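Worksheet: one structure, shown below.
The values are calculated or read from the model by the stated rules, or taken from the named source; none is laboratory data. Because the structure is predicted, anything quoted here is derived from the model rather than measured. When we count neighbours, we look across all protein chains shown, and the Cβ atoms used for this are built from the backbone with ideal geometry, even at glycine. Accessible surface areas use protein heavy atoms only, side chains included; no ligands, DNA or RNA. Shrake-Rupley method; radii C 1.70, N 1.55, O 1.52, S 1.80 Å.
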Amino acid sequence: MAEVISLMDIDEDDNHQKQNHSHKQNKGKSDVAATDAKATPWVEKYRPQSLADVAAHRDIVDTIDRLTSENRLPHLLLYGPPGTGKTSTILAVARKLYGAQYHNMILELNASDDRGIDVVRQQIQDFASTQSFSFGAKSSVKLILLDEADAMTKDAQFALRRVIEKYTKNARFALICNHVNKIIPALQSRCTRFRFAPLDPIHVSERLKHVIEAEGLDAPDSGLAALVRLSNGDMRKALNILQSTHMASQQITEEAVYLCTGNPLPKDIEQISYWLLNESFMESFTRTHLNFSEYLK
Ligand SMILES: Nc1ncnc2c1ncn2[C@@H]1O[C@H](COP(=O)(O)OP(=O)(O)OP(=O)(O)O)[C@@H](O)[C@H]1O
Ligand SMILES: [Mg+2]
């Protein structure tokens with residue numbers, strides 16, 4: 001238990017320039033293989049398959065990777081904003097622990113499931129107390145994934161305290177949420193916490209380039225920069241904008257990206273601000289109306 005405590009609160013440093021370089025060669029190999037090309041949304045098609053594929057968060061991922069390899073995985077609490085790789089990381093851990101058969105060894109409960117106290121207790125009990133075998137599994141300890149744990153009622157969270165303790169021998173719990181302050185302190189203290197910060201622009205850009213190359217897209221630098229800017233460190237958002245821009249336009253230009261998201265182009269905003277600061281209000285309004293009527297609708 002000692003190292004579990006010392007690992008508490010490993011916060012992600014946003015500026016890990018060194019990340020990923022050693023993993024570049026592995027990136028994407030497994031990504032592309034398992035997919036049925038056109039039908040799949042790119043967020044799923046390019047979901048990291050292994051821990052090495054997870055962009056950014058190198059400190060966190062390496063720590064989890066090491067603990068997994070040594071079979072010393074603590075209960076985990078991963079938190080941070082959407083689209084930063086929390087669920088992907090846990091699924092990659094499950095794949096590493098149990099191989100392709102990981103579905104048998106992992107119980108996934110998310111906010112859309114009924115997670116009242118009794119349901120949680122019963123489902124977890126049923127799952128944790130039965131023996132499951134998975135070919136090639138490195139571990140017999142099961143994984144219970146509580147995604148969107150911040151949506152659980154306080155009562156259910158209180159009930160979970162005992163459940164976690166009771167099943168620690170047979171199962172590891174991974175709680176995932178956006179808002180860690182909605183998780184009761186007693187649960188937080190039973191887990192090793194990792195904060196997934198928004199991805200920095202370098203990593204979003206690197207990952208997007210990988211997808212752009214794999215899909216054979218025509219995306220000039222200005223288009224890529226617009227995608228990075230509009231996604232604000234949310235990799236899911238970046239991939240969704242890329243895919244919808246691709247459906248609407250041949251080339252992923254800055255204009256196409258802004259048009260697709262409905263955001264006004266930075267150069268248009270600059271022009272309108274210039275008029276507002278240098279012309280009378282009526283004149284600015286008329287010019288804006290004539291040139292950018294779509295923004296006034
Ligand atoms: N660190 C990352 N590296 C590579 N791809 C990522 C990363 N983070 C997110 N993605 C992409 O975004 C998609 C969504 O990621 P994921 O489900 O892991 O996010 P999350 O952090 O669990 O978000 P939420 O809080 O909304 O559940 C993934 O399928 C993947 O395509
Ligand atoms: Mg998630």
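Is it true that ARG236 is basic (Lys, Arg), away from ligand 2 (no atom under 16 Å from the Cβ) and assigned to a helix (DSSP H, G or I)?
So ARG236 does not fit the description; no.
What number of residues within the range 146-160 are within 16 Å of ligand 2 (Cβ to nearest atom) and surrounded by fewer than 22 Cβ atoms within 10 Å (Cβ to Cβ)?
Matching residues across the range 146-160 total 4.
Any chance you could count how many residues in the range 74-94 are hydroxyl-bearing (Ser, Thr, Tyr) and either farther than 27 Å from ALA186 by Cβ or within 6 Å of ligand 1 (Cβ to nearest atom) (or both)?
Residues that pass the stated criteria total 3.
Among the numbered criteria (1) open to solvent by 80 Å² or more (accessible area, probe 1.4 Å); (2) of a type in the set (Val, Ile, Thr); (3) in contact with a Pro (Cβ under 6 Å, 6 or more places away or on another chain), which one does VAL228 miss?
Condition (1) is where VAL228 drops out.
Mind telling me which of the residues ILE252, ILE212 ends up being more than 30 Å from THR63 (Cα to Cα) and open to solvent by less than 60 Å² (accessible area, probe 1.4 Å)?
ILE252
Against the condition out of contact with any helix residue (DSSP H, G or I) (no Cβ under 8 Å at 6 or more places or on another chain) and of a type in the set (Asp, Glu), how does ASP218 come out, does it pass?
So ASP218 fits the description; yes.
If I go through the range 144-168 residue by residue, how many of them are more than 16 Å from ligand 1 (Cβ to nearest atom) and in contact (Cβ under 8 Å) with a residue 12 or more places away in the chain?
Qualifying residue count, the range 144-168: 15.
Scan the range 40-73 residue by residue and report those that are closer than 27 Å to PRO185 by Cα, in a loop (DSSP other than H, G, I, E, B) and open to solvent by 10 Å² or more (accessible area, probe 1.4 Å).
ASN71, ARG72, LEU73, listed by residue number.
This table checks each residue for (1) under 22 Å from ARG207 (Cα atoms); (2) in contact with a helix residue (DSSP H, G or I) (Cβ under 6 Å, 6 or more places away or on another chain).
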{"site": "LEU51", "(1), (2)": "yes, yes"}
{"site": "ALA55", "(1), (2)": "yes, yes"}
{"site": "VAL61", "(1), (2)": "yes, yes"}
{"site": "LEU67", "(1), (2)": "no, no"}
{"site": "ASN71", "(1), (2)": "no, no"}
{"site": "PRO82", "(1), (2)": "yes, no"}
{"site": "LEU91", "(1), (2)": "yes, no"}
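For the range 96-108, does any single residue satisfy the condition of being more than 16 Å from ligand 2 (Cβ to nearest atom), modelled with pLDDT of 95 or more and out of contact with any helix residue (DSSP H, G or I) (no Cβ under 9 Å at 6 or more places or on another chain)?
No, every residue in the range 96-108 fails to be more than 16 Å from ligand 2 (Cβ to nearest atom), modelled with pLDDT of 95 or more and out of contact with any helix residue (DSSP H, G or I) (no Cβ under 9 Å at 6 or more places or on another chain).
Residue check: is ALA197 of a type outside the set (Val, Ile, Thr) and either within 16 Å of ligand 1 (Cβ to nearest atom) or modelled with pLDDT of 95 or more (or both)?
It is true that ALA197 is of a type outside the set (Val, Ile, Thr) and either within 16 Å of ligand 1 (Cβ to nearest atom) or modelled with pLDDT of 95 or more (or both).
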